[in-house]
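For reference, the structure discussed in these notes is given below.
The values are calculated or read from the model by the stated rules, or taken from the named source; none is laboratory data. Just so you know, these numbers come straight off a predicted model, no measurement behind them. Neighbour counts are summed over all protein chains in view; Cβ atoms, including those assigned to glycine, are modelled from backbone coordinates with ideal geometry.
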């Protein structure tokens, strides 16, 4: 009798301390890429955590009036950004001040946002959730709403063994989904891997060659960003003054510097620049090829001498940049809205 | 069986009575802070009242009268005081303390570690969402000298990037005896208002030179004795 009771106690204790059984989720990326910066040990991926994050990402429940989700500004079919307007829109039609960044290959990011103010993917989502011009909520209010949902209590338990949503698990769940947004199957990737089906036209090959000569100091392969901040000589907008990286570091040399974004999926993630001033990719190329750049003290020295491209070269670069679109990534079912 | 129950009960009582706490008592010069009352005057002849105070202390080293030392690196305590809340006690593992050292604020490693548990939960409202990091000290109140809305002043001080890191090591030799397991030290916020005129500065909400300077004025206000 005693041994049966002891056995039952051990079984119960086992359930108590082992938590839910989760299915580990692999994080795949090409062997030739550098190692990710994201610390997976602090947030081991599992299918349940990914599904929780996916559900949260597409659910307006996180916003103040339950009208806006992460996906409202980060739409999968446009490379997880918004292409309808220059800067982000929030609850009650509020307008932000910067262009929505595309979510791609975030596991390699050393910082987040246009000014690099956030240093950890796990903490990134606090900003859009609590910003008055974005989701207009706060962590306590969002957690309260989630804790009232039997569906979310179940999802949180399955992922983290605790049915009560808390800050850590909310943010780790979201990060499990967003860190999984890896785009590595563009035609460029297949071409580089020697896939015979991934044919590059002469124009695209020439575009790649010009790109490598002129653009890779800031946009190096294979991730197409050096994760730094640069002043690219954009004319200052007196109606939307923004000193960029300086707002975080307060260093004079950082004034008007903004994130160097990855160029993966760049053809579908218009508009461009921190304030979305350019609707077309060719406008961006023209900007770099123009001599009308506004010269301020912090302008990137690489660009002090403007890049001179003729019209043919501009078209070739454009053709190459289109090869960076990963349609498999954009259409991946696992990254779409979960069917309830 | 009954004997064991009684033993556990007695041990519980003994544990409660052995609980030792360091109390951080906010004061303004020689006066205990009375939240919301307009009666404090700085060396700049400015009168003010206070509505709330929140501050982070971390990385504790406790030393008792026998010289025994216990280090608690990584421990973080968020202390709060105001008309609606009072949470200014820190439990420690020793008896009567001779000396305590702690960090006023959080070190840069903690700020960027991604830890969001316990007192580091960003939902507690001490986290800057737009700029990774925690507010080291939040002090708010009102003064006729302040040019803020309805005379409000707000100091949200913090920042960990060089050269504007606001965290500081503080060590205090305790002279007050432990009474019922509680030993007091003082946090004299007059130290800042004697240096800063509310007429000129009523709001600091971002990291930078001002935040660094003001936090050091505040950091000099930790004392083991009332003046």
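Okay, residues lined up against (1) more than 30 Å from residue B:117 (Cβ to Cβ); (2) assigned to a loop (DSSP other than H, G, I, E, B); (3) over 20 Å from the mean Cα position of the chain (by Cα):
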{"residue": "B:132", "(1), (2), (3)": "no, yes, yes"}
{"residue": "B:135", "(1), (2), (3)": "no, no, no"}
{"residue": "B:145", "(1), (2), (3)": "yes, yes, yes"}
{"residue": "B:157", "(1), (2), (3)": "no, no, no"}
{"residue": "B:164", "(1), (2), (3)": "no, yes, no"}
{"residue": "B:172", "(1), (2), (3)": "no, no, no"}
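Hey, does segment A:159-166 have a residue that's within 11 Å of another protein chain (Cβ to nearest Cβ), surrounded by fewer than 23 Cβ atoms within 10 Å (Cβ to Cβ), farther than 26 Å from residue A:87 by Cα and touching a residue at least 12 places away in the same chain (Cβ under 8 Å)? So far as segment A:159-166 goes, yes, one or more of its residues are within 11 Å of another protein chain (Cβ to nearest Cβ), surrounded by fewer than 23 Cβ atoms within 10 Å (Cβ to Cβ), farther than 26 Å from residue A:87 by Cα and touching a residue at least 12 places away in the same chain (Cβ under 8 Å). Going through segment A:192-220 one residue at a time, which ones are closer than 18 Å to residue A:260 by Cβ, out of contact with any strand residue (DSSP E or B) (no Cβ under 8 Å at 6 or more places or on another chain) and either outside the structural domain of residue A:318 (by TED's automatic domain parsing) or buried (at least 16 other Cβ atoms within 10 Å of the Cβ) (or both)? Of everything in segment A:192-220, those that are closer than 18 Å to residue A:260 by Cβ, out of contact with any strand residue (DSSP E or B) (no Cβ under 8 Å at 6 or more places or on another chain) and either outside the structural domain of residue A:318 (by TED's automatic domain parsing) or buried (at least 16 other Cβ atoms within 10 Å of the Cβ) (or both) turn out to be A:211, A:214, A:215, A:219. Only one residue in A:107, A:102 is modelled with pLDDT of 95 or more, touching a helix residue (DSSP H, G or I) at 6+ places or on another chain (Cβ under 9 Å) and farther than 19 Å from residue A:131 by Cβ. Which one? Result: A:107 is the single residue among A:107, A:102 that is modelled with pLDDT of 95 or more, touching a helix residue (DSSP H, G or I) at 6+ places or on another chain (Cβ under 9 Å) and farther than 19 Å from residue A:131 by Cβ. Being over 21 Å from residue A:118 (Cβ atoms), surrounded by fewer than 20 Cβ atoms within 10 Å (Cβ to Cβ) and touching a helix residue (DSSP H, G or I) at 6+ places or on another chain (Cβ under 9 Å) holds for only one residue in B:82, B:95, B:36, B:67, and it is B:95. Which condition number does residue B:153 fail, the rest of (1) surrounded by fewer than 19 Cβ atoms within 10 Å (Cβ to Cβ); (2) over 25 Å from residue A:38 (Cβ atoms) being met? (1) is the only condition that residue B:153 fails. Only residues that are under 24 Å from residue B:128 (Cα atoms), at pLDDT 95 or above and not in a loop (DSSP other than H, G, I, E, B) were counted in segment B:192-209, giving 3. Among the residues of segment A:200-243, the ones that are assigned to a loop (DSSP other than H, G, I, E, B), closer than 26 Å to residue A:99 by Cβ, at pLDDT 95 or above and in contact with a helix residue (DSSP H, G or I) (Cβ under 9 Å, 6 or more places away or on another chain) come to 7 in all. It is to be established whether one or more residues within segment B:174-196 are closer than 23 Å to residue B:42 by Cα and within 14 Å of another protein chain (Cβ to nearest Cβ). So far as segment B:174-196 goes, no, none of its residues is closer than 23 Å to residue B:42 by Cα and within 14 Å of another protein chain (Cβ to nearest Cβ). Please work out which residue is nearest to the other protein chains (Cβ to nearest Cβ), limiting yourself to segment B:93-107 and to residues that are part of a strand (DSSP E or B) and farther than 14 Å from residue B:73 by Cα. Across segment B:93-107, the extreme among qualifying residues is B:97. Any residue at all in segment B:82-92 that is part of a loop (DSSP other than H, G, I, E, B) and touching a residue at least 40 places away in the same chain (Cβ under 8 Å)? For segment B:82-92, residues part of a loop (DSSP other than H, G, I, E, B) and touching a residue at least 40 places away in the same chain (Cβ under 8 Å): present. Filtering segment A:116-135 down to residues that are assigned to a loop (DSSP other than H, G, I, E, B) and facing chain B (nearest Cβ under 8 Å), which residue is surrounded by the fewest Cβ atoms within 10 Å (Cβ to Cβ)? Filtering first and then ranking leaves A:131. The sole residue among A:106, A:75 that is closer than 20 Å to residue B:132 by Cβ, surrounded by fewer than 23 Cβ atoms within 10 Å (Cβ to Cβ) and more than 12 Å from chain B (Cβ to nearest Cβ) is A:106.
Here segment B:174-191 is the region considered, the condition is being part of a loop (DSSP other than H, G, I, E, B) and over 20 Å from the mean Cα position of the chain (by Cα), and the residue that is nearest to residue B:100 (Cα to Cα) is B:177.
The set of residues in segment B:118-139 that are at the interface with another protein chain (Cβ under 9 Å from one of its Cβ atoms) and either within 15 Å of residue B:211 (Cα to Cα) or out of contact with any strand residue (DSSP E or B) (no Cβ under 9 Å at 6 or more places or on another chain) (or both) comprises B:123, B:128, B:131, B:133. For residue B:110, the requirement of being away from every other protein chain (no Cβ under 14 Å) and either modelled with pLDDT under 95 or within 20 Å of residue A:125 (Cβ to Cβ) (or both) is not met. Take residue B:213 and tell me if it is within 18 Å of the chain's Cα centre (by Cα) and without any contact (Cβ under 8 Å) to a residue 24 or more places away in the chain. The answer is yes for residue B:213. The selection criterion, being under 30 Å from residue B:131 (Cβ atoms) and at pLDDT 90 or above, holds for residue A:271. Here is the figure for segment A:173-199: residues that are under 30 Å from residue A:22 (Cβ atoms) and either more than 17 Å from the chain's Cα centre (by Cα) or in a loop (DSSP other than H, G, I, E, B) (or both) total 7.
If you go through segment B:210-227 and keep only what is outside any helix (DSSP H, G or I) and surrounded by 20 or more Cβ atoms within 10 Å (Cβ to Cβ), you end up with B:221, B:222.
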